[in-house]
Amino acid sequence: MASKTAKKQTEQLAERKPSKREKRQKVIIYLMIISMLLTSLLAGASMFL
């Protein structure tokens, strides 16, 4: 029984490691959030200029 649980834990750890696609998705999401913040700041600044 102990070997089975250990095997499952190692499989879960292997699955937890982010793949290249997941890393790319994270980077794209961060870029989208940053661009949204920048556009909202620029829109706010353009009201005062």
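Readers should treat all values here as calculations from the given coordinates under stated rules, not as data from a laboratory. The structure displayed is predicted, hence computed values, not measured ones. A quick note on method: Cβ atoms are made from the backbone with ideal geometry, for glycine too, and the neighbour counts reach across all protein chains shown.
Just a few scattered comments:
- Evaluating 6.51 cos²θ - 1.76 cosθ + 1.60 at θ = phi - 60° for every residue in segment 32-42, the Karplus couplings come out as 5, 5, 4, 5, 4, 5, 4, 5, 5, 5, 5 Hz, glycine and proline recorded as x.
- A crude spin-label estimate for the pair residue 36 and residue 19, with each label 7 Å from Cα along the Cβ direction, gives 2.6 nm.
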